[in-house]
Amino acid sequence: MIRSSQPPRPLLRSRGAVLLILVQALPAVAPPPGERATAVSPFEALCRDAQAAVFRGMLAPDEAGRLQALEQASALAREAVALEPGQPEGHHLLAVAMGIEIDYVGPAEKIGLARRIHAEAERVLELDPHHAGAHHVLGRLHAGVMRMPRLMRFLARRILGGEALKEASWERAEAHLRAAAEGQPEVIIHHLELGILLAVRGQRERALEAMEHALALPPSLPPDPYYLEQARGLRGVLLAGETPKDPTSFISVDDVDRPPLTPPGATAGGAPPPFGDEG
């Protein structure tokens, strides 16, 4: 693989942080507190183990450990797909693992990974047309292509082909992100990312509406405090009449980060807090 020459960064402080949105639509790997675990099928066990590997990749303190965990997650997800090709979650998990890895490879490999992520997300929607996570993936991929420099966008479209991103547009990006927000209205990051897209496109009032929607939701998932802080900051930028930089993309070639965030109980630059008990 062609690896990026950039030094490793804590995942929650990088562009890759937004791919936590994909995990929010993954199947549960453990029962709620107080409930007894039930027997799982081989497919469910593979999904559980793949999701645990995704979490290990997210929380790994170094790039080598992160990539090793993500490669394991991809392998387990492929096993799940081979076992139950008609179940959407195996395809979704595979898109998740590749989607996180894409932030740590070189520009040429980003395009190839984006093509494969796109194929898996499209397969999820064939199996479940209302899958919010898959809509979010496709919205972000379309937006990523539209943010690329014109020459790189042309090459990406030629390489990815008409069945993938040749017809990428801002309108398609917004439609997919809106479908994600409507399909999972309780998920903060869907509204946050829709608001970012609208803000970058100059639709200030609609962007503010999306931010207000995000801020009205209670945190229910481990990364939600990050997202709420980002939503508050972006709302302040919009209210000040400024246009925020677009900090997120799957396949852009720039290196724009989100503002660094320090979660409660952590020191600046430190590792993110655990995502609870995965076992």
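Annotations for the structure displayed:
- Each of GLU212, GLU109, GLU101 was scored by other Cβ atoms within 10 Å of its Cβ. Arranged with the fewest first, they read GLU212, GLU109, GLU101.
- Stretched out straight at 0.36 nm per residue, the stretch from GLN203 to ALA75 would grow longer than its current Cα-Cα span by 42.0 nm.
- By the count of neighbouring beta-carbon atoms within 10 Å, fewest first, ARG172, ARG147 end up ordered ARG172, ARG147.
- Measuring nothing but alpha carbons in segment 60-208 and taking Rh as the Kirkwood radius, the Rg to Rh ratio lands at 0.97.
- Taking the charge dipole of segment 197-236 about its Cα centre, with +1 at Lys and Arg Cβ atoms and -1 at Asp and Glu Cβ atoms, the residue from GLN203, ALA231, SER220 reaching farthest to the positive side is GLN203.
- Placed amide H near VAL105: partners under 5 Å, 5+ positions off or other chain: SER4
- Footprinting exposure proxy for SER41, SER74 (fewest neighbouring C-beta atoms within 10 Å first): SER41, SER74
- Per-residue ³J(HN,Hα) for segment 195-210, Karplus 6.51 cos²θ - 1.76 cosθ + 1.60, θ = phi - 60°, Hz, x for Gly and Pro: x, 4, 4, 5, 5, 5, 8, x, 9, 4, 5, 5, 5, 4, 4, 5
The numbers here are math on the coordinates, done by the rules we state, and not lab data. Given the structure is predicted, the values throughout are model-derived calculations rather than measurements. Cβ coordinates were reconstructed from backbone atoms using ideal geometry, including for glycine residues, and neighbour counts include every protein chain displayed.
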